[in-house]
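The values are calculated or read from the model by the stated rules, or taken from the named source; none is laboratory data. As the structure is a prediction and not an experimental result, all values here were calculated from the model. Cβ coordinates were reconstructed from backbone atoms using ideal geometry, including for glycine residues, and neighbour counts include every protein chain displayed. Side chains are part of the model used for accessible areas, which takes the heavy atoms of the whole protein and leaves out ligands, DNA and RNA. Shrake-Rupley method; radii C 1.70, N 1.55, O 1.52, S 1.80 Å.
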Amino acid sequence: MTKVYIVGAGPGDVELITVKGLRAIKEADVILYDRLLNKELLKYAKPGAELVFCGKLPNRHAMIQEHINESLVHYAQQGKIVTRLKGGDPFVFGRGAEEAEVLAQAGIPFEIVPGVTSGIAAPAYAGIPVTHRDLSGSFAIVTGHRQEGKNDDLKWESLANIETLAVYMGVKNLPYIVSQLLRFDKSPDTPVALVHWGTYDKQQTVVGTLSTIEQIVEQSAIQNPSMIVVGEVVRMREKIAWFEEKVALAVK
């Protein structure tokens, strides 16, 4: 029976895929997958399944979104089970809603399979809870792509009052993000962490404050994919960091 599964594969650690997401991989006749996906998941595809790379690099697209949408419809109309495999969660900066809308318009049955999003998982693997009874009762996820003078419609004045911010893909725009938070009276001493390749064995975390993080990131040469976490919860890393220590012990 024709169906399209729009699946969140989680942030990197293969074991963070959901049971339902793994089943969708195993059942698929065609899998369309993204660049940041852990390719180990593709080993669960059944023999003969067609694997289609849809990855996007900065300023370069292997397959533009419109073509991805058309491909989903095309394969489904051939009577195939199609799994659209995305890193993280398909509805958190994943354009999954756009793909679902196209399928709905074409009358193709589909299911959304939520995934663990990087804004929660990467901080957790760095020993940073996004909420904490004593430190943070509010949490927001923010896209880091917007730049000054380029249709930035984010409500920075409101965001500056939220206790924990998780900013996706914001390394390039870190100076602008910092400047906006400081502009709206976020304390320069507010802790900030960047988690690079969160949940992968190559995960790297750097910590500073709003007043120091730009210099620290420059010295560390941290790039995307990285999650930026802003808030007092970052201080918890000193007590409960676990994953990078686990990896270091495994290497020894």
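Of note:
- A simple charge model with +1 on the Cβ of Lys and Arg, -1 on the Cβ of Asp and Glu and nothing else charged puts the dipole of the chain at about 580 debye relative to its Cα centre.
- Beta-bridge orientation, the range 1-139: approximately 20 percent antiparallel, per DSSP, counting only bridges with both partners inside.
- Cα gyration tensor shape for the range 210-252, rounded if a/c is under 1.5, else prolate or oblate: oblate
- Size of electric dipole in the range 112-252: Cβ of Lys, Arg +1 and of Asp, Glu -1, about Cα centre, debye, nearest 20: 300
- Cα centroid of the range 217-252 to Cα centroid of the range 61-116, whole Å: 32
- Antiparallel content of DSSP bridges confined to the range 121-207, in %, to 5: 55
- Tally of Lys pairs whose C-alpha atoms are under 27 Å apart, taken over the range 117-239, 8 or more apart or cross-chain: 8
- Projecting the Cα atoms of Ile222, Ile162, Ile31 onto the charge dipole of the chain, computed from C-beta unit charges around the Cα centre, puts Ile31 farthest toward the positive end.
- P(r) weight above 24 Å for the chain, C-alpha pairs, percent: 50
- Max mean-square fluctuation residue, GNM over the chain, Cα-Cα springs under 10 Å, options Arg84, Arg237, Arg35: Arg35
- For the range 108-116, 3J(HN,Hα) per residue [Karplus equation, 6.51 cos²θ - 1.76 cosθ + 1.60, θ = phi - 60°, Hz, x = Gly/Pro]: 9, x, 8, 10, 9, 10, x, x, 6
- Cross-link partners of Lys26 among aspartates and glutamates (Cα-Cα below 14 Å; sequence separation of 8 or more within a chain): Glu40, Glu50
- Heavy-atom accessible surface of the chain, averaged per residue, reaches 50 Å², computed with a 1.4 Å probe.
- Phi-based couplings in Hz for the range 129-134 (Karplus 6.51, -1.76, 1.60; Gly and Pro marked x): x, 6, 10, 7, 3, 9
- Proximal aspartates and glutamates to Lys46, defined as alpha-carbon separation beneath 13 angstrom and excluding residues fewer than eight positions away on the same chain: Glu27, Asp29
- Carbon + sulfur, % of accessible area of the chain - ligands and nucleic acids excluded, 1.4 Å: 52
- Each residue of the range 189-196 is assigned a 3J(HN,Hα), and the resulting list reads 8, 4, x, 9, 10, 10, 10, 9 Hz, derived from the Karplus form 6.51 cos²θ - 1.76 cosθ + 1.60 (θ = phi - 60°), x at Gly and Pro.
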